[in-house]
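> Here you go, one structure.
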Amino acid sequence: MSYQIKILLISFITTLVFAVIILPILKRLKVGQIEREEGPESHLKKQGTPTMGGIIIILGVIAVSILSFMQYKTNEPTVAKNLIPLLLISIGFGLIGFVDDFKKLVLKNTKGLKPSYKMIGLLLISVLYVVYLVKFLNIGTQTYIPFFKVYINLPIWLYIPFSIFVILGTTNAINLTDGVDGLAASVTTIIITCLTVIGIIYNVKELVIFGSIVCGACLAFLMFNLNPAKVFMGDTGSLFLGGVVVSMALYLKMPLLLIIIALIPVLETLSVMIQVTYFKKTGKRIFKMAPLHHHFELSGWNENKVVCVFSIATLLLCILGLNVI
C-alpha cells in the first residue's frame, strides 16, 4: 500500500475518533447554528445544529501531520520541514474563522468578528505565506499557465499582490460555498485530491502527505456532515479548507489552475458580487438568492441534488485541470 493511502486512512480514523469525542461537547456547549431569517425557509429547521465542527477537521489534520513529521524528520528532513508551513498557514486561516464562530456562538455576539478585523487577519496570514514562499522556500515567482503548459516569471511587484489576491479570494470563495449540508466539504475534498494528484505527478512529497491527510479528515467529517447534517464546519472549517487549497496551489506554482478546478467556489463568489451590484443599481435580483447554491435550492433542487451536481461538476473540472498541466 502506497504511503499516501496509509496516511489518508490514518487521518480518516483519527478524525472519526475526534468527531465522536467533540460532537457531544459541542452539543453540551450549545454552539448551535444560527439560521438567517432571509435564508431559505427549509434551513430554519437546522437552527441549533452544532457548528464550529471545523475543529474536528483541524485537530485530525494536526495530529496526523505531527505523526508524519516525526516519521519523516530523520530520513527525509526536508519533506518534514516543508510540511510545517503548509499546516501552520491553514491553521492560521482556521483560527480566524474560529474567533468569528466563537464570538457568534459562545459569546452570543451575532455580528461575530468585525469584517475589518477579519480582513486584516486574513491579509496578515496571506502576506506571511507569500513572503515565506519567495524569501525562505525560494520557489521564485514562476506561475504556471494552464492550456499553454508553460511557466512565466512574474515581476516580484506583481507576484506578491497577485498571490495575496488569490489567497483572499480562494478562502472567501470556499467560505461562501459552505451553505448546504456536505457541500463545502465535498467540493473541497475533490479539489484537494486533484492538487494532491498533481503533487504525485511532480513528486512533491510534502504536498502529497499534507493533501492526503486533509482528504482523510474531510471524508471522516462528511460522515457527520452529509444531509441531514449532525454538525456544521462553520467559518472555522471553511476558512481552514480555503487555506489548504490555496496554500497547495501556490506551493505548486499553479494558482491560475484554481480558476478551472475551483470553478464552483468561483461561481459562488461571482453570484454574490453580481447579485449585490445589480440589486444596488436596479433594486431587482438576478438570482432567486445568492450564493448560487441557494438559487438552485429555491428553484426546486433539494440539498442532496445540489451537493451531487456541484461535486460531479467539480470532479469533471478537476479531470480537465489534470489534462491542462
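> Length gain on complete extension for the stretch Ile25 to Leu124, per 0.36 nm per residue less the alpha carbon to alpha carbon distance?
32.5 nm
> Based only on other Cβ atoms within 10 Å, what is the fewest-to-most ordering of Cys318, Cys308?
Result, fewest neighbours first: Cys308, Cys318.
> Scanning the chain for GluC sites (Glu not before Pro) in DSSP loops with at most 10 other Cβ atoms within 10 Å, what's the longest stretch left with none?
39-325
> Run the reach check for Lys149 against lysines, Cα to Cα strictly under 23 Å, same-chain hits fewer than 8 apart removed. What comes back?
Filter leaves Lys205, Lys253.
> Among the trypsin sites (Lys or Arg not before Pro) within the range 254-288, which fall in a DSSP loop and have no more than 10 other Cβ atoms within 10 Å of their own Cβ?
Lys284
> Hey, another quick one. At a threshold of 8 angstrom on Cα-Cα distance, excluding pairs fewer than six apart, so keeping six or more, what relative contact order does the chain reach in percent?
Relative contact order of the chain: 26 percent.
> Let me ask something else about it. How charged is the neighbourhood of Ile174? Take every other residue with its Cβ under 13 Å from the Cβ of Ile174, and add Lys/Arg as +1 and Asp/Glu as -1.
-3
> What number comes out for the charge environment of Asp100, summing +1 per Lys or Arg and -1 per Asp or Glu over other residues with Cβ under 14 Å away?
Local net charge: +3.
> Continuing with this model, one more query. Would you list Phe147, Phe93, Phe12 from fewest to most Cβ contacts within 10 Å?
Going from least to most buried by this count: Phe147, Phe12, Phe93.
> Do any cysteines in the chain lack another Cys Cβ under 4.7 Å, and if so which?
Cys215, Cys218, Cys308
> Select from Phe165, Val307, Val64 the residue farthest towards the positive end of the dipole of the chain; place +1 on Cβ of Lys and Arg, -1 on Cβ of Asp and Glu, and compute about the Cα centre.
The one lying farthest along the dipole's positive direction is Phe165.
> When the label point is put 7 Å from the Cα of Lys135 along its Cα-to-beta-carbon vector, which residues of the range 82-102 have a backbone N closer than 12 Å?
No residue qualifies, since no backbone N sits under 12 Å from the label point.
> While we're here: Of the cross-linked pairs Lys104/Lys230; Lys27/Lys103; Lys30/Lys111; Lys230/Lys284; Lys108/Lys305, which ones have a Cα-Cα span greater than 26 Å in the structure shown?
Violating the 26 Å limit, Cα to Cα: Lys230/Lys284; Lys108/Lys305.
> Right, something else. Could you pull the Cα extents of the chain along its three principal axes, largest to smallest, in whole Å?
Its Cα atoms span 53, 47, 36 Å along the three principal axes.
Where a number appears in this text, it was derived from the coordinates with a stated rule and is not lab data. Please read these numbers as outputs of a predicted model, since none were measured by experiment. Cβ sites come from the backbone with ideal geometry, for glycine too, and all protein chains shown count toward neighbours.
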